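One structure below.
The values are calculated or read from the model by the stated rules, or taken from the named source; none is laboratory data. On a predicted model such as this, the values are computed, not experimentally measured, just so you know. Neighbour counts run over all protein chains shown; Cβ positions are idealised from the backbone, glycine included. Note: accessible area is taken over every heavy atom of the protein model, side chains too, but ligands, DNA and RNA are not part of it. Shrake-Rupley method; radii C 1.70, N 1.55, O 1.52, S 1.80 Å.
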Amino acid sequence: MSLQTEVFLKLLEISKLNQKDFGKLTGKRPERLSEWKNEKYSPTIKQLELMADKLGYRLKFDLVKKNNVF
């Protein structure tokens, strides 16, 4: 499972919203959320940051090349 998928699933979990309401709040189509949930695709870091912001959380990814994070 990708890191982006894990973060997305955590946002979905902590929001305590169903997929439809989560989509309305974050501006994402339910079909896209299903694709992410089923790992067909992964959200981008920017998408995750925007969704977290709409949920009232601050999500910041610091990519450090020397630590081979990505």
>> Filter segment 1-22 down to the residues that are of a type in the set (Asp, Glu) and more than 13 Å from residue 59 (Cβ to Cβ) and list them by number.
In response: 13, 21
>> Give all pairs with beta carbons closer than 7 Å in which a residue from segment 36-59 that is under 20 Å from residue 1 (Cβ atoms) meets a residue that is open to solvent by 100 Å² or more (accessible area, probe 1.4 Å); count only pairs at least 6 apart in sequence or on separate chains.
In response: 39/1; 52/58
> Any chance segment 23-43 includes a residue that's open to solvent by less than 40 Å² (accessible area, probe 1.4 Å), part of a loop (DSSP other than H, G, I, E, B) and either at pLDDT below 95 or within 17 Å of residue 60 (Cα to Cα) (or both)?
Replying inline: yes
> Listed residues 1, 51; which is among the aliphatic types (A, V, I, L, M) and open to solvent by 90 Å² or more (accessible area, probe 1.4 Å)?
Replying inline: 1
